[in-house]
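See below for the structure under consideration.
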Amino acid sequence: MRERIRRVLAWAWRHKPVVLGLVVLGLVGLAFMMHQTSGPAFCGSCHEMGYEHRTWSASSHSKVTCDHCHYHPGVVGMIRTKMHGLREAHVHLTERPTESEIGPGIAEVPSERCLECHEETKLPDEITYHLLRHTHKKHLDRG
């Protein structure tokens, strides 16, 4: 086993430009995929998200992208969210979720995310949108 690792490392050392090129290509590809999977068009492409995507696009928040509210802050938060998305894609594609895959999602938006853009004092106590009543107070009280 050690000999095999030694041979692979020796090959990589002799072919540094190829290895470096593959690493750069991989990082560029990863960045591209992260960008492509962060927007509303991608999020709305799953049939499970059709209703949510339609209501979002007709709402006053239609200019705010999904990642702004649903991603956890920072690089670690983004990675956590992407890992959760991979798990959701697996469940979707296999149509057989395991017990560990059925759990809390990232749909919940903590109050502090809302308060990044909205002042708490300017949020109406209750709004009605297409017969759907929404109360901000209970969410703000919960945090």
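The values are calculated or read from the model by the stated rules, or taken from the named source; none is laboratory data. As the structure is a computational prediction, the values presented were derived from the model and not from experiment. With ideal geometry, Cβ positions are generated from the backbone for all residues, glycine too; neighbour counts draw on all protein chains shown.
Quick notes
- Matching residues, region 12-32, being in contact with a helix residue (DSSP H, G or I) (Cβ under 9 Å, 6 or more places away or on another chain) and either within 25 Å of LYS82 (Cα to Cα) or surrounded by 10 or more Cβ atoms within 10 Å (Cβ to Cβ) (or both): ALA12, VAL18, VAL19
- Yes/no for SER60 being in the same structural domain as HIS90 (by TED's automatic domain parsing), at pLDDT below 85 and either over 26 Å from MET83 (Cα atoms) or exposed (fewer than 11 other Cβ atoms within 10 Å of the Cβ) (or both): yes
- Of all residue pairs spaced 6 or more apart or on separate chains, those with beta-carbon atoms under 6 Å, a first member in region 67-88 that is within 13 Å of CYS43 (Cβ to Cβ) and a second member that is among the small types (Gly, Ala, Ser) and part of a helix (DSSP H, G or I) are TYR71/GLY77.
- Just one residue in the set ILE79, ILE5 is under 26 Å from ARG113 (Cα atoms), modelled with pLDDT of 85 or more and part of a helix (DSSP H, G or I); that residue is ILE79.
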